[in-house]
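Worksheet for the structure shown next.
No value in this document is a laboratory result; all are computed from the given coordinates. Keep in mind that this is a model prediction, so the values were computed, not measured. In this analysis, Cβ positions are derived from the backbone assuming ideal geometry, glycine residues included, and neighbour counts consider all displayed protein chains.
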Amino acid sequence: MPNFIMSYLGSTVTPGEAGNQFWALIYVLIIFAGVSVAVICMNWIERKALAHFQVRLGPMRVGPHGLLQPIADALKLMLKEDIIPSEADQFVFWVAPLIGLLAAFTVYTVIPFGPSQAVSDMNIGILFMLGVSSLGVLGIVVAGWASNSHYPLIGALRSSAQMVSYEVAMGLAVVSAILMTSLNASGTGTLSMIGIVQAQQQQGVWFIFKFFPLGLIAFVIFAIAMVAETNRAPFDMAEAESELTAGYHTEYSGLRWSLFMLAEYAAMIAVSSIAVTLWLGGWMRPFPNLLNAPAWDFIFSLFPGLTFLGLAAIAFVGTARMPADSFFKIQRIGLAVFAALLGFIALLLLAIAVAGRFADASVGARFRDGIDYIYWFVLKVAVFMYLFIWYRATWPRYRFDQLMKIGWKVMLPISLGVLVVTAIVGVIVS
Amino acid sequence: MVPITTLHYLVVAAALFVLGVIGVLTRRNVVIVLMSIELILNAVNLNLVAFSRMWGNLHGQLFAIFIVVDAAAEAAVGLGILIAFFRNRETINVDEIDLLKW
Amino acid sequence: MNPVMNSALNSGMAPVATPFFFYMLAGLAVIGGVLVITRRNAVHSALALIVTLLAVAGLYLMLYAPFVAGVQIIVYAGGIMVLFLFVIMLVNIERSSKERRFNRMWPVGLAAACALLALFVSAFAKGKALFPDRMMTLPESSNTQQIATMLYGEAGRMGQYTFAFEIASLLLLVAILGAVIMTKKKI
Amino acid sequence: MFFLNHIWLIPLFPAFGAAMMFFFGRRLQKATVNAVCVGAVVFAFLFACFTVVEYTHFAHGTGHPFEKIVYTWLGSGDAHLSFLKKDGTTAQFNADAGFLLDPLSSIWLLFVTGVGMLIHIYSVGYMAHEGGYYRFFGYMNLFMFSMLTLILANNYMLLFVGWEGVGLCSYLLIGFYFHRKSASDAANKAFIVNRIGDAGFILGALTLSWYLGSFRFTDINTLARSGHFAIGDPVLTAAALLLFVGACGKSAQLPLYVWLPDAMEGPTPVSALIHAATMVTAGVYMVARSNAVFVLAPTAMKTVAIIGALTAVFAASIGLVQNDIKRVLAYSTVSQLGYMFLALGVGAFAAGVFHVFTHAFFKALLFLGSGSVIHAMSGEQDMRNMGNLRGRIPTTFKTMFIATLAIAGIPPLAGFFSKDEILWQAWRSADGGFPYLWLIGFGTALMTAFYMARLIFLTFYGQPRMSHEVEHHIHESPKSMTGPLVVLAICSVCAGWLGVPASLGGTNAFGKFLEPVFAREVAASVAPAEPQEPAGEEHRGLEWTLMLLSVGAAVVGGGWAYGHYANAGKDYPEPIAVKAPPLYTVLYNKWFVDEAYDYAFTGRRKIGKIRLGAMGAGEASSWFDAKIIDGAVNDVGWVTRAVATLSTWWDKWIIDGVGVNGPAILARMISYPARLFEWGLVQWYALVMVAGLLGFGVYYVWK
């Protein structure tokens, strides 16, 4: 058994491909935990960032700078009474959030955090992702219907119509990126997520810059469609408070409601991952072909540690700036401990980077590279997450008919045009 | 355990097919009748894909894809007819849709 | 879809898993089918049908047809079923849940279907020897490329199914137009 | 070889412009229309220039034709479409979309695109205030497309496509002001008269292919020159005559010329482009293209020469007294076309083509100039109401004056060289040259000089005879109109220098360039060049005499016109009307040809009470139909009705009562139980389907 476990460590393929179920299971657990933690962080960051956009402080009480607020929220939601309306369809009401959650999390099986850092590399990866993420609509429709109430039903119909509409433009934008993967010697493209990133590596260009501005247009279309696809502002028709109370989850409360939230944030991360994989070079660090000496590898491998060092520094500054009143003592200590934790992680990562530079064995370097890959991927996704918050703070909501009009009459033709032009340019180039 | 052969898949497909036929023949709700038709089409697809693997070529899969296209068209048109009909007659029961008799 | 299942298929490391997953998926599919035709509520039927469709997609994966599986998920589960749910909600009438589920000729229909089942079973029993024990192995990794080649052709040559594919797209277009024209109140 | 290999693009440029106009023209701005349509023709011109340059490299002066077959347009490589030749063997019916470039088509290509480009630019100014702007340019581009197809075709079938295409465009453009009855009548006339010629043409082409087994020019020329066929071969003579009928229609020769003067109803640029410079020379082109066949048919050659000479003098005589400025030019065109056919008929193909070439420039210039005059005169076309315009529209005056000198044959302008070449060949050519032909041509030259000078003096000299209001509005045309005039004037001066004859110390480069096309034997291009004009040296004196005579004729004609018209005031006297009033009446009414045609062919006029021609035939058949056929029908009807009355009774009581209703009642009674099975329920039908499925299944499993 230990051999079985260890045998995977030197592997250069994903556990799914290697047929290693144990490691696949571990990966699944890691990703599940990681996404959950990310959602919690996201929750805190969103509240803080929104507050600062609006020149407020945001949560400040629970933990230093409200750091423990999401945990408190989670506890509250779990302990709340779980109300099921008496006229609702019990079973469907119960199963709806699960459908959404399942769809959002199943997607992560094929998201490549690195060339071997994925649960599995499916031959039809991107198709699978689009398909499974489109299942999320079902959860919303069914939730709205099962509530047996007007607002949820209208919200559900609205949001599902919106998602179905934008899926079309999104899919076409994705196809134009996939088309670019076929611009190699053999002329065969790939649908595999890892293959798409490797195609960008071989062609030496992120697809967002390929055939400028075709790649950029496709990316922008995807970036708009993905906001609509996740029902976020400014496309959050379904949850338009002023019109529909809370849309399809008006009748939900407690744990089930939090499952919806979890599914929404997980879906946001998932579509951002698709965008990063398809257009922004996935796990690749900047200029992997240009700056490819071992020294550059080393320098770039310092980035994860330095990032955590920076976070630790911010936390330390926060500690130092806290009032010296004894009222804040516990908070100050807590923040200091948090900063120390971040600093410790930073040192650990730096040590790994240094060790990877000087260790001759392949395992050490691979370990360092793995951390690099995951770091750059997560960094790119984090940028998108921040954009989601930014949109929400900045833009007013669309009217529903305008939304559909843009989806069908603007985005769809443009993405079709980009697809056709990309195909023509591809044929001419090759 | 018995290895899984084409026959196993055929049996599953036959079961789905018969279920679909029962749905088509007995249910009153048009929507469910249409869903039963989808069941039948899926049974056929399963057969085609199973045979595709059995013979080691892809023609069966291609046929399955074409059938999926067909199913999409059928669902769109069928449901369109249904909505138009519902608007006129306020019913979606098959046995109340009998204008053809006259 | 499922890492464990993939591994079993690819490496042949754990052949035990194949029958298990087959029976699980087949069971899900059949149970889903039974629920589709028995539920009183159309939404429940639709949910059951989704389960069946996903299980069938899993069976496609086991048959080394990942592309068909993907298409099944996107088109059926993601597209057609959403359409069904939409329509169910649009024509949702209270009285349908209180009326008879089956029509008056249901015993006849059931009998016919049973006869059909009997026919299938007898046909399988009669032709069992025709089926080889082992199936051919299709290469999973190039499945999508091969399908694409047959659909679109390669290197300037029309594929075997290119024409059929175009006709199918035309069929879809006609279906869209038909559905829109029938459904819209004012064109 | 890029341009040669892409020669098929040349017609496609204007075709693209035309397509754009037809599909989107209505929505486009004028600037866009200009950019697309004029741009297309400019592109075609540039492309043509490069192509011809490349062709001269390709041919190295041997005149070897370049042939590019894009695809087989009619027929195929297999034996699906074959036909029996005259000698009983089968041949492929094969018409390609193929393009042929040799010296002959290069010349046409260059001047058609060049003059076409200038006229397009001119039209931008001329049509600026007209409605249907995009329609005009769309038709013009369509015309360019057809004309280029015509001249680049490598077989009679594709040539016929272009031939009909230019005919169609001519029809559309003559009838451009279709709300005017006279314009649409003129368009109809042109179309119908052309159809007569086209029938001859297609019959000739089919006869040729029936006899020789191919539509392709290269094949036909090779066969005809192979020495296989005797000179005077009757089938070839018939084919050549039929082809010439086609040429008569398109190029307005004697019996069929009537449409061309009426075609002046179209806008002036159209008259310049289609009815002077390019389309009407298509007949000349076709005859020159078929020269190998014509050479084998002396009778046809004689016919061509005589018809050409007669047309020349006939049209010139009408032109002497016409008052509409464009009609004078139209008759002048017919007359000059007669010259060209005269040259072709006496076997001097190169001379005829040369005259086409020079004529394209000065006649286009004359028409464009007259358009400029009309523009200045606010639409007035009658020369009686003009006068003394030379100071008011100086550019137009100067360019038109140059063109007049050129057409009158004053050395060293273009017309002198080409016309004197023709006259000289008419005198001495080995293929039927005949002094009387020269004499007719000489007389025509005299008349040409007279009526052209008359046009100039009446328009630009003398006293102003227009109304005060019109006079107030006279203005020089915009740059886009005068620019082409200047370019064409330069061409009218210089174009003749390409073909200075040997007797004047020139080299006749034009003739040399064309020589391979008109070679009499296949081997001519290979054989060493023999002395070109063995008789030239001996006859130099005679040639010079003839030249001097024709120049003298030009001067005399011009001087005579000067004497009569240079100071024409209001109500000036017409010299012919003064000296020979009956002749004037005849000439003024165009020899009453239109009236004669009305009597003989159309039947619009009656001779006494008898109507002849088409309408006569119509009346006769109408009478026959009304009296004989209908009478018979009515009688038969009466009989039928009588029988029917009887039959009705039988039908009603016996057949219906016993035969039909009886079984029907029976059937209704029997079918009542069967109807109970049709419930109108979908699921019942589905059940029946399942039953059928079961039946088939059982059959196949246990058969």
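General remarks:
- Helical contribution to [θ] at 222 nm, DSSP H n ≥ 4, -39,500 (n - 2.57), averaged over chain D, rounded to 500: -21500 deg cm²/dmol
- The residue D:60 and residue D:512 beta-carbon pair, evaluated with R₀ = 22 Å, returns a calculated FRET efficiency of approximately 0.95.
- C-alpha long axis of helix D:156-174 to longest principal axis of chain D, angle in °: 80 degrees
- Along chain A, longest interval not containing exposed GluC sites (Glu not before Pro), exposed being DSSP loop plus at most 12 other Cβ atoms within 10 Å: A:88-430
- Listed by Cβ neighbour count within 10 Å, with the fewest neighbours leading, A:258, A:326 appear as A:326, A:258.
- 10 Å Cβ neighbours from other chains, averaged over peptide C:35-42: 6
- Ordering A:408, A:379, A:365 by the projection of their Cα atoms onto the charge dipole of region A:362-430, which places +1 on the Cβ of Lys and Arg and -1 on the Cβ of Asp and Glu, puts A:408 at the extreme positive end.
- Residues listed by number, region D:458-473, amide nitrogen under 15 Å from residue D:401 label point at 7 Å toward C-beta: D:458-462
- Charge dipole of region D:46-192 (Cα centre as origin; +1 on each Lys and Arg Cβ, -1 on each Asp and Glu Cβ, all else neutral): 460 debye, rounded to the nearest 20.
- Counting every alpha-carbon pair across chain D, the share separated by more than 32 Å comes to 57%.
- Nearest-0.05 FRET efficiency for residue A:420 and residue A:205, computed from C-beta distance (R0 22 Å): 0.55
- Projecting the Cα positions of D:37, A:103, A:217 onto the charge dipole of the protein assembly as shown (unit charges on Cβ atoms of Lys, Arg, Asp and Glu, taken about the Cα centre) puts A:103 furthest along the positive direction.
- Ordering of A:206-217, D:337-348 by burial proxy (mean other Cβ atoms within 10 Å per residue, highest first): D:337-348, A:206-217
- With respect to chain D, whose longest principal axis is taken over its alpha-carbon atoms, helix D:133-152 is tilted by about 80°.
- Computed from point charges on the beta carbon alone (+1 for Lys and Arg, -1 for Asp and Glu), the dipole magnitude for the protein assembly as shown about its Cα centre is near 2260 Debye.
- Each Lys or Arg adds one and each Asp or Glu takes one away; over the other residues whose Cβ falls under 11 Å from the Cβ of residue D:213, this sums to +1.
- Over chain A, DSSP H runs of length four or greater, each weighted -39,500 (n - 2.57), average out per residue to a 222 nm ellipticity of -23000 deg cm²/dmol.
- Cα shape, region B:6-91, gyration tensor, a/c 1.5 rule: oblate
- Net charge in the neighbourhood of residue D:61 (other residues with Cβ under 11 Å of its Cβ; Lys, Arg +1, Asp, Glu -1) is 0.
- Selection of chymotrypsin sites (Phe, Trp or Tyr not before Pro), region D:92-178, meeting DSSP coil and at most 15 other Cβ within 10 Å: D:178
- Cα gyration tensor shape for region A:1-113, rounded if a/c is under 1.5, else prolate or oblate: oblate
- Using C-alpha pairs under 8 Å with a sequence gap of at least 6, the mean separation divided by the residue count of chain D gives a relative contact order of 11 percent.
- Charge sum, other residues only, whose C-beta stays under 14 Å from residue B:80's C-beta, Lys/Arg counted +1 and Asp/Glu -1: +2
- Contact order for chain A, expressed relative to its length and based on alpha carbon pairs under 8 Å spaced 6+ residues apart, stands at 21 percent.
- Among complete DSSP H helices in chain A, those whose alpha-carbon atoms stretch at least 24 Å along the helix's long axis and whose mean Kyte-Doolittle hydropathy reaches 0.5 are A:21-53, A:90-106, A:125-146, A:150-181, A:254-279, A:303-321, A:329-358, A:362-394, A:412-429.
- Residue mean of other protein chain beta carbons inside 10 Å, B:38-47: 5
- Straight-line cross-link partners of residue D:363 among the lysines, defined as a Cα under 29 Å from its Cα and at least 8 positions apart when in the same chain: D:30, D:181, D:189, D:250, D:302, D:326, D:398, D:419, D:479, D:512, D:570, D:590.
- Cα gyration tensor shape for the protein assembly as shown, rounded if a/c is under 1.5, else prolate or oblate: prolate
- With θ taken as phi - 60° and the Karplus curve 6.51 cos²θ - 1.76 cosθ + 1.60 applied, the whole-hertz 3J(HN,Hα) list for region B:53-62 is 6, 4, 8, x, 9, 9, 4, x, 5, 5 Hz, x standing for glycine and proline.
- Nitroxide proxy distance, nm - points 7 Å out along Cα→Cβ at residue D:539 and residue D:9: 4.6 nm
- FRET efficiency, 1/(1 + (r/R0)^6) with R0 22 Å, evaluated for residue A:80 and residue A:30 via beta carbons: 0.15
- Simple rule: put +1 on each Lys or Arg Cβ and -1 on each Asp or Glu Cβ in region A:274-400, find the dipole, and look at A:304, A:394, A:289; the Cα lying farthest toward the positive end is A:394.
- For chain D, a simple Cβ point-charge model (Lys and Arg +1, Asp and Glu -1, everything else neutral) yields a dipole of about 1260 debye relative to the Cα centre.
- Using θ = phi - 60° in the Karplus curve 6.51 cos²θ - 1.76 cosθ + 1.60, the 3J(HN,Hα) couplings for region B:83-89 round to 5, 4, 5, 4, 5, 8, 10 Hz; x is entered for Gly and Pro.
- Principal-axis tilt of helix D:234-251 within chain D, Cα atoms, nearest 10 degrees: 80 degrees
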